[in-house]
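Just below is one structure, and these are the notes that go with it.
The values are calculated or read from the model by the stated rules, or taken from the named source; none is laboratory data. It should be emphasised that the depicted structure is a prediction, and the values quoted were computed from it without experimental measurement. Neighbour counts run over all protein chains shown; Cβ positions are idealised from the backbone, glycine included.
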Amino acid sequence: MIGGGAGQTLLSRLSGAARSVWAKHDRDSDGWMPLWRHMEDSAAVAGLLWDEWLPASARRVVAGALPNDEANGHALVVWLAAVHDIGKATPAFACQVEQLADVMRAAGLGMRSRQAMGSDRRFAPHGLADQVLLGEWLEGGAAGRRGRRASSQSWWAGITECRRTTVRSRRSSSMSSCCGRQAESADCGGRCKRNCSMRARSGSGCASGWRSGKE
């Protein structure tokens, strides 16, 4: 796996920093796949599965809840597949392979080393980052979509409300007094871990954003 090759449609629209983000790494060969390539591959496979494999009854279940039915159902499935690993574009994930992190730093995406992040890195898994980043992106675009027909607005509102409900549920079920380092020893059944993940999102943990320079 190496960066480069096909996918010029997407690649031509990306900055050098975006192109440098990695998604897959082979420990044996040190080969790697950039995130943009993984996104395109995932989207292409999802589109093919929708067109050639998914039963019509299943397509109707997905498309029936959307405006314009089938076309938007296809678009939603392809988009979700494309962005399913967007949380890998975060320092907590990217720092895991130092030579690839160096490539990203050289492109302007500064981050701490894996050693400097320590155990806090585990409280910002890329799956949780996916949810937070996509939820905030959808919420941020809601204002710009005002004026569109109500059915479309209701659909987007439903997605973002689902995300807010999930976050509130996680917060309410966690121990509000814990911190990332305490979670390692606290006997809380994993509740502290979830709370600290949300703290990381707000700026107090290792997923708070790219830093300038190495540490």
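Report the residue count in the range 96-115 for those that are closer than 14 Å to His25 by Cα and not in a helix (DSSP H, G or I).
Summing the residues that are closer than 14 Å to His25 by Cα and not in a helix (DSSP H, G or I) in the range 96-115 gives 2.
Got a sec? Which helices (runs of 4 or more DSSP H) wholly within the range 5-95 have at least 1 residues that are among the aromatic types (Phe, Trp, Tyr) and out of contact with any Lys or Arg (no Cβ under 9 Å at 6 or more places or on another chain)? Let's see the steps before the verdict.
Details: elements: 8-11, 16-20, 35-52, 56-63, 70-83, 91-94.
Filter on the range 5-95 gives 70-83.
Quickly run through the range 1-25 and pick out the residues that are closer than 10 Å to Trp36 by Cβ, among the charged types (D, E, K, R) and at pLDDT 90 or above.
Arg19
Against the condition charged (D, E, K, R), at pLDDT below 95 and either surrounded by fewer than 17 Cβ atoms within 10 Å (Cβ to Cβ) or in contact with a Cys (Cβ under 6 Å, 6 or more places away or on another chain) (or both), how does Arg60 come out, does it pass?
On the way: charged (D, E, K, R): yes; at pLDDT below 95: yes; either surrounded by fewer than 17 Cβ atoms within 10 Å (Cβ to Cβ) or in contact with a Cys (Cβ under 6 Å, 6 or more places away or on another chain) (or both): yes.
Criteria met by Arg60.
So which residues in the range 96-114 are within 14 Å of Gly16 (Cβ to Cβ) and exposed (fewer than 14 other Cβ atoms within 10 Å of the Cβ), if there are any at all?
Listed by number, the residues that qualify are Ala106, Gly108.
Can you confirm whether the range 74-90 contains a residue that is over 19 Å from Ala23 (Cβ atoms) and either free of Cβ contacts under 8 Å to residues at least 12 places away in the same chain or surrounded by fewer than 15 Cβ atoms within 10 Å (Cβ to Cβ) (or both)?
First pass over the range 74-90, keeping only residues over 19 Å from Ala23 (Cβ atoms): 74-77.
After this cut, where a residue has to be either free of Cβ contacts under 8 Å to residues at least 12 places away in the same chain or surrounded by fewer than 15 Cβ atoms within 10 Å (Cβ to Cβ) (or both) as well, the list is 75.
Yes, there is a match, as at least one residue in the range 74-90 is over 19 Å from Ala23 (Cβ atoms) and either free of Cβ contacts under 8 Å to residues at least 12 places away in the same chain or surrounded by fewer than 15 Cβ atoms within 10 Å (Cβ to Cβ) (or both).
Can you give me the number of residues within the range 42-57 that are buried (at least 17 other Cβ atoms within 10 Å of the Cβ) and within 20 Å of Gly87 (Cα to Cα)?
Summing the residues that are buried (at least 17 other Cβ atoms within 10 Å of the Cβ) and within 20 Å of Gly87 (Cα to Cα) in the range 42-57 gives 3.
Please name all residue pairs, on different chains or six or more residues apart, with Cβ atoms under 7 Å, provided the first residue is in the range 118-134 and is within 15 Å of Ala82 (Cα to Cα) and the second residue is assigned to a helix (DSSP H, G or I) and of a type in the set (A, V, I, L, M, F, W, C).
Short answer, once both residue conditions are applied: His126/Phe93; Asp130/Ile86; Leu133/Ile86; Leu134/Val83; Leu134/Ile86.
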